[in-house]
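Participant: The structure's right below; bear with me while I get my questions together.
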Amino acid sequence: MAENDLVLKRAQAAVLSRDFALAARLYKTLLKTEPGNVKLLGELGALYVKAGEDNKALPYYEQILMFSKDDFDALNSMGGVYRRLKRYDDSIRVLQQALDTGKNAAEVNYNLGFTYKLMGNYDDAIECFESVIEDNPSDVLAYNHLGAIYALRKDHQRAVAAYKRGLQIDPNHPVLQLNLAKSFVALHNDSDAAAAYEAALRAKPGWLDAIRDYTNLLVRE
């Protein structure tokens, strides 16, 4: 057991140093002696996700569900993996299973919202992020995602309203300010767009995206 603990620590250290190939070899060595160890399977799956190899991660999460069909972490992680693999229906399926566990609904709704957004199912995506906000009204990024979905629908009035809701919590959030500026531009409200660009650049000086877009606005004017 002491030897396995040492191997596990080496594997975890290899992940931290981003030596994913070594970490994978070490985890697989451990799994030979403990093939049903859900924790090891989860760590190996997470390793492949960090390495950007979702196809390799998926079988390990599937193995976890063979041992524990309601494992929240495996279901939620698989939802993200399936989404990145563009297997959207599978993503929705496992994320709904994750919701049914009753654990961390906000995290799952984030995941679901992203999947619905990529599917172009904006109504369900909006419902997911509104649910996140209902659970945690101070989740600034949820307001940003909500505004971005409205912007995709060309409903910039509601996008502006969502961004402003987020800015009531964090007035100096640069991403919210930049996205607010873009929606103001779409609404031909150049003065408010300029103010939002300037706020974004005060919060994040030298931000090239904001500088480029603000410069384009000034040139048009």
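Participant: When only C-alpha pairs under 8 Å and at least 6 residues apart count, what is the relative contact order of segment 64-214, in percent? The partial results should precede the final answer.
Facilitator: On the way: 192 pairs, mean separation 18.6, N = 151.
Dividing the mean separation by the residue count of segment 64-214 yields 12 percent.
Participant: In addition: Evaluate the distance, in nm, between pseudo-label points positioned 7 Å from the Cα of Leu187 and of Ile211 along their respective Cα→Cβ axes.
Facilitator: 2.9 nm
Participant: Separate question: Over 26 Å between C-alpha atoms is what I'm after, so list which of Lys56/Lys86; Lys103/Lys154; Lys50/Lys154 land there.
Facilitator: Values: Lys56/Lys86 15 Å; Lys103/Lys154 34 Å; Lys50/Lys154 34 Å.
Flagged as over cut-off: Lys103/Lys154; Lys50/Lys154.
Participant: While we're on this one: Please build a GNM for the chain, connecting alpha carbons under 10 Å apart, and tell me which residue among Gly52, Gly113, Gly42 fluctuates the most.
Facilitator: Maximum fluctuation in the GNM of the chain, among the listed residues, is at Gly52.
Participant: For segment 86-139, what are the per-bin percents of Cα-Cα distances with bins 5 Å wide, up to the bin holding the maximum?
Facilitator: 5, 23, 31, 26, 13, 3, 0
Participant: With every protein chain present, what accessible area does Arg158 have (1.4 Å probe, heavy atoms only), rounded to the nearest 10 Å²?
Facilitator: Using a 1.4 Å probe on the heavy atoms, I get roughly 140 Å².
Participant: From the C-alpha gyration tensor of segment 1-88, pull out the three semi-axes of the equivalent ellipsoid (sqrt of 5λ each), sorted largest to smallest, in whole Å. Don't skip to the answer; put the middle values down first.
Facilitator: Numbers: eigenvalues 98, 50, 15 Å².
Those come to 22, 16, 9 Å.
Participant: Sticking with this one: Please find the FRET efficiency linking Asn55 to Asn136, where r is the Cβ-Cβ separation and R0 is fixed at 41 Å, and quote it to the nearest 0.05. Walk me through the numbers on the way to the answer.
Facilitator: Working: r = 33 Å, r/R0 = 0.81.
Working from the Cβ atoms, E equals 0.80.
Participant: Quick check: residue separation of Leu6 and Arg153 times 0.36 nm, minus the Cα distance between them. What number comes out in nm?
Facilitator: Numbers: separation 147, 0.36 × 147 = 52.92 nm, distance 5.28 nm.
Taking Leu6 through Arg153 to full extension adds about 47.6 nm, to one decimal.
Participant: Further, regarding this structure: Need one number: nm distance between label points at Tyr88 and Tyr122, each 7 Å from Cα along Cα→Cβ, rounded to one decimal.
Facilitator: The two pseudo-label positions are separated by 1.4 nm.
Participant: Next up: Starting from 0 in steps of 5 Å, tell me what percent of the Cα-Cα pairs of the chain lands in each bin.
Facilitator: Once binned at 5 Å, the Cα pair distances of the chain give 1, 7, 13, 13, 13, 12, 12, 10, 8, 6, 3, 1, 1, 0, 0.
Participant: In 10 Å bins starting at zero, report the fraction of Cα pairs in segment 99-221 per bin as a rounded %.
Facilitator: Result returned by the calculation: 15, 41, 31, 12, 2, 0.
The values are calculated or read from the model by the stated rules, or taken from the named source; none is laboratory data. Quick caveat: nothing in here was measured; it's all calculated off a predicted structure. We place every Cβ from the backbone using ideal geometry, glycine too, and count neighbours over all the protein chains shown. Heavy atoms of the whole protein, side chains included, go into the accessibility calculation; ligands, DNA and RNA do not. Shrake-Rupley method; radii C 1.70, N 1.55, O 1.52, S 1.80 Å.
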